[in-house]
C-alpha cells in the first residue's frame, strides 16, 4: 500500500510519482493494477462527468460519493480527494469537518487550493491527523478571479510568491504540493527547495511526479486540447494499455516533454 512515507522515499530516491484523476470503481481497479501511485478524486468531475463549465458547482456530498466508489477499487494506490469549492474557505474548522467526511469516505489525503491564506488551514488539518496536498499555480476554483485558465507565476514577483507559498505550506505540514500551469523552470526550483514531493500538471518534467485528467489521456474530450495533455490511446489498443503507457513514460522521464511545458 502506498503511503505518504512511500511517496517521500520516492522523491528521495528520484523515482517519479504517477497520479491520475479517478471518479469511479472500475477505473480505480484498472489504474491500481496499472501501477498508478495516486488516484485523485478531483473536483474536475464537475466538468468531465457532470458537464459543467467549471469545478465550482461540485458539492462535498458528491465528492464523498465518488471517493467511496474509488476507494472500493483500490488495493495499493494512495487515494487523494479534493475539497470542493465552498467546503473549506470559510474557516479552518469548516475545512476540518469537510475533510473528515472525505477521510471517512475512504480518502487517505485531501487537497486544497490556495497560497499563504490557506496555510493556517493546512496546519490545522495536519495537526488533527488529516494529510494535506496544497494546490498552487492555476487553481481552478479561482478561475473567475484569474479571468480564465491561464499560465500562472510568469513574472519574477509571482514566481517569488509561489515559492514562498509552497514553503509556507510545507512548514505548516503539507505532505505534498501540486503545481498547475506554471513555468517549468519555476516548478523545478520549487521541487529542489522543498523536502516534500511535488506533483506537476503543465509544470515541466522536473516535478517529483505528474498528474493528468484521465479523460484527457484517453482522448475523451471536446474542444481545444491543453498544451500539457497527451493522448495515450494513440498507439495503444485498450484503456489499460494507455494507462500503463502513461505510467511508463512518467517513470522513464519521457513525459512530459518540452512540448507539454510552459
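Please find, in a Gaussian network model of the chain (springs between Cα atoms separated by less than 10 Å), the residue of 202, 86, 173 whose mean-square fluctuation is greatest. Taking springs between Cα atoms under 10 Å, the residue moving most is 86. Pull out a ≥ b ≥ c, the square roots of the eigenvalues of the alpha-carbon gyration tensor of segment 100-145, then state rounded if a/c is under 1.5, prolate if not and a/b is larger than b/c, and oblate in the remaining case. Oblate, because a/c is 1.5 or more while a/b does not exceed b/c. Compute the length gained on full extension between residue 54 and residue 151: take 0.36 nm times their separation in residues and subtract their Cα-Cα distance, giving the result in nm to one decimal. Working it through step by step, the gained length comes to 33.2 nm.
Binning the C-alpha pair distances of segment 81-176 at 10 Å intervals from 0 yields a P(r) profile of 17, 48, 29, 6, 0 %, listed from the shortest bin outward. The alpha carbon centroids of segment 196-230 and segment 14-48 are separated by 12 Å. Ordered from longest to shortest, the equivalent ellipsoid semi-axes for segment 118-262 are 27, 17, 15 Å, each the square root of 5 times a Cα gyration tensor eigenvalue. Anyone know which of 52, 66, 135 comes out most mobile in the 10 Å Cα GNM of the chain? Among 52, 66, 135, the largest GNM mean-square fluctuation belongs to 52.
Structure remark: mean-square fluctuation, Gaussian network model of the chain, C-alpha springs under 10 Å; the largest value among 83, 60, 136 belongs to 60. Thinking of segment 1-108 as a set of Cα atoms, what percent of all their pairs are more than 19 Å apart? Here the long-distance tail beyond 19 Å is 45 percent of all Cα pairs in segment 1-108.
For the chain, report the % of Cα-Cα distances exceeding 30 Å. The proportion of pairs with Cα distances above 30 Å equals 18 percent.
Computed from the coordinates by the stated procedures, all read-outs in this text should not be read as laboratory data. Only a predicted model underlies this, so the values are computations on that prediction, with no experimental measurement involved.
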